[in-house]
Amino acid sequence: MSALKLLSRTKLYWGLIAIFLIGVLGSPVSSKGNNIFLSYGNLLDVLRQVSTTGLIATGMTAVIITGGIDLSVGSLMAICSVVCAMLLTVPGVTPGVVLGVPTVAVVALCLGFIVTRFIFLNLEKSRAGADASRDARLDRARGLVTPAIVGVVLCCLSLWYLLPQVEPKFGVLGVLLVAPCVGLLFGALNGFIIVAGRLQPFIVTLAMMVTALGIARLTAGQNNAVLPVYTGSNATEDFELLRSMVFGVIPMPGLFFLAAILIYGAVLRFTPFGRYVYAIGGNEEAARLSGIAAGRVKIVTYAVSGLLAGIAAVLYVAQYRQGKPDAGAGLELDAIAAVVIGGTSLMGGRGSLTGTFCGVLIFGLLSNILQLHNINSNLQLVLKGMIIIGTVLVQERNAGDLLAYLRLPGAAHKETAAAKRPSQETRSLNLGGNKK
């Protein structure tokens with residue numbers, strides 16, 4: 001492999017290294033002469049700050065690889081943060097309970113049914129030697145009755161666990177179950193409408209963004225722009241665990257982010273589901289003709305995106321000690337920018353979670369560098385926008401064309417005129433033909 005090809009394939013990592021070196025060399029120093037950027041506390045703060053965006057970007061990556069987009073994740077995070085804060089701080093039957101507990105029951109019922117049927121189908125294919133592109137036939141007991149029983153049992157178990165927490169207020173595990181399920185249900189609804197209605201993801205998720213924002217405000221109530229969460233006071237003290245340091249080494253939000261990247265990255269890289277995601281993004285019609293259930297795969301990607309938005313909402317509440325209807329305002333744009341910076345193509349079919357991880361870190365380190373130098377917040381937005389455009393030009397390999405155009409603005413016109421002008425040989429032939 002030539003050095004140029006190696007540099008092209010690793011350009012994202014070089015970009016991350018370059019941003020890191022800029023932060024190190026340009027960092028202010030403390031009163032003791034220590035490099036502030038390189039301090040352990042500052043780097044941990046970067047990881048903590050990017051964790052929320054990183055979780056959402058993780059789910060967004062698979063959605064974009066399929067050729068879709070999810071503009072609703074910010075609003076889904078907002079509604080999940082409101083539900084989480086309300087469950088933690090307000091006892092009794094509240095709008096958060098009315099929205100959250102039935103959602104968990106529905107999700108448990110559907111997951112129990114789907115997962116059980118999926119297991120039976122794969123066992124039948126293995127036993128009969130059926131090709132993976134064809135559905136194996138199940139009898140009524142394994143195809144309907146048993147999956148339904150499993151779903152009902154899971155539904156009852158979830159209600160048995162959650163209902164006793166309604167009156168005394170919910171604990172950490174309770175909100176970690178309810179909030180992600182709310183996000184998962186709304187995300188799956190996104191995917192279902194896109195697939196069943198054959199609508200553009202942009203339109204569907206835009207509508208869901210507005211709808212979820214309205215539901216979040218209705219759930220919080222007109223007089224509750226912010227729902228404060230004080231651990232040990234109006235909420236359980238155990239909730240402090242979600243903003244603590246694990247073994248004094250890594251912040252808990254960062255651990256969630258890294259776990260999501262590793263698990264979902266392994267799924268996309270090593271499982272048939274991951275291959276289906278890339279195939280759909282590359283050519284959805286060809287994927288359908290090859291036997292891939294494209295609709296189901298797309299619904300799952302949107303459901304996972306909503307699930308991760310719900311987890312991010314719980315970590316947001318723990319980090320900022322509040323839930324509010326506009327908690328995720330603009331976060332979907334940051335997530336999309338991080339995904340694109342990481343090399344995922346908006347046209348679909350190309351990208352990786354390794355790239356997304358680097359993109360999230362680049363975004364986080366850049367913000368940290370600007371903040372350390374007390375750059376005006378409005379100027380920060382301008383600089384971020386310029387860097388995003390430059391990075392995408394490099395990723396899409398269009399930077400050379402742009403530089404060539406800027407260097408020779410009349411080149412395109414000259415090439416067009418040259419193409420239209422007949423060559424000397426052609427003129428000679430034409431003249432010869434006229435003479436005859």
- Placed amide H near Ala235: partners under 5 Å, 5+ positions off or other chain: Tyr230
- Message: Placing unit charges on C-beta atoms (Lys and Arg positive, Asp and Glu negative, everything else neutral), compute the dipole magnitude of the stretch 162-296 about its Cα centre in debye, rounded to 20.
- Response: 420 debye
- So, by mean Cβ neighbours within 10 angstrom, what's the order for 186-193, 39-46, 58-65 with the highest one leading? 58-65, 186-193, 39-46
- Query: With axes computed from alpha carbons, what is the tilt in degrees of helix 411-420 against the longest principal axis of the chain, rounded to the nearest 10 within 0 to 90?
  - Reply: 60 degrees
- Folded to 0 to 90 degrees: helix 331-341 orientation relative to the chain principal axis, Cα: 40 degrees
- Message: Using only Cα atoms and rounding to the nearest 10 degrees, what angle (0 to 90) does helix 11-25 make with the longest principal axis of the chain?
- Response: 70 degrees
- Net length gained if the chain between Leu163 and Leu123 were fully extended (0.36 nm per residue, minus Cα distance): 10.8 nm
- Item | Ala259 paired with Val210, simple spin-label distance in nm, labels 7 Å along Cα-to-beta-carbon | 3.7 nm
- Rounded to 0.05, the calculated FRET efficiency for the beta carbons of Ile114 and Glu237 at R₀ = 35 Å is 0.40
- Note on the structure: Using the Kirkwood formula on alpha carbons, the hydrodynamic radius of the stretch 205-315 in angstrom works out to 17.5 Å
- Query: For the pair Asn34 and Asn374, what calculated FRET efficiency results from E = 1/(1 + (r/R0)^6), where r is the Cβ-Cβ distance and R0 = 25 Å, to the nearest 0.05?
  - Reply: 0.85
- Item | Residue among Leu353, Leu365, Ala327 farthest towards the positive dipole end of the chain, charges placed on Cβ | Leu353
- Using a Gaussian network for the chain with springs between C-alpha atoms less than 10 Å apart, which of these wobbles most: Ala335, Ala287, Ala327? Ala287
- Query: Measuring from label point to label point, each 7 Å out along Cα→Cβ, what is the Val145 to Tyr320 span in nm?
  - Reply: 5.2 nm
- Query: So which of Lys125/Lys298; Lys324/Lys384; Lys169/Lys298 end up more than 29 Å apart, counting from Cα to Cα?
  - Reply: Lys169/Lys298
- In a Gaussian network model over the chain where Cα atoms closer than 10 Å are linked, find which of Arg142, Arg269, Arg243 has the largest mean-square fluctuation. Arg142
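Write down the Å³ per residue value for the convex hull defined by the alpha carbon atoms of the stretch 296-346. Before the final figure, lay out each step's value.
Numbers: hull volume 4.7 nm³, N = 51.
Cα convex hull per residue, to the nearest whole number: 93 Å³.
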- Query: For the stretch 223-284, treating each Cα as an identical point scatterer without solvent, what Debye log10 I(q)/I(0) comes out at q = 0.13, 0.20, 0.29 1/Å?
  - Reply: -0.63, -0.83, -1.10
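Restricting everything to alpha-carbon atoms, can you work out Rg to Rh for the stretch 1-118 with a Kirkwood hydrodynamic radius?
That ratio is 1.15, to two decimals.
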- Could you give the radius of gyration (one decimal) and Dmax (whole number) of the Cα atoms in the stretch 62-203, in Å? 18.3, 55
- Over the chain, with neighbouring protein chains present, the accessible area per residue in Å² at probe 1.4 Å is 53 Å²
- Determine which residues of the stretch 69-107 fall in the zone a paramagnetic label at Ala225 would reach in this model, i.e. backbone nitrogen under 20 Å from the point 7 Å along Cα→Cβ. 75, 78-83, 85-86
- log₁₀ of I(q)/I(0) at q = 0.06, 0.07, 0.09 Å⁻¹ - the chain, Debye sum with one point per alpha carbon: -0.33, -0.43, -0.67
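The values are calculated or read from the model by the stated rules, or taken from the named source; none is laboratory data. Since the structure is predicted, the reported quantities are computational estimates derived from the model, not experimental observations. Note that we place each Cβ from the backbone using ideal geometry, even for glycine, and neighbour counts take in every protein chain shown. Remember, those area values only see protein heavy atoms, side chains included, never the ligands or the DNA or RNA. Shrake-Rupley method; radii C 1.70, N 1.55, O 1.52, S 1.80 Å.
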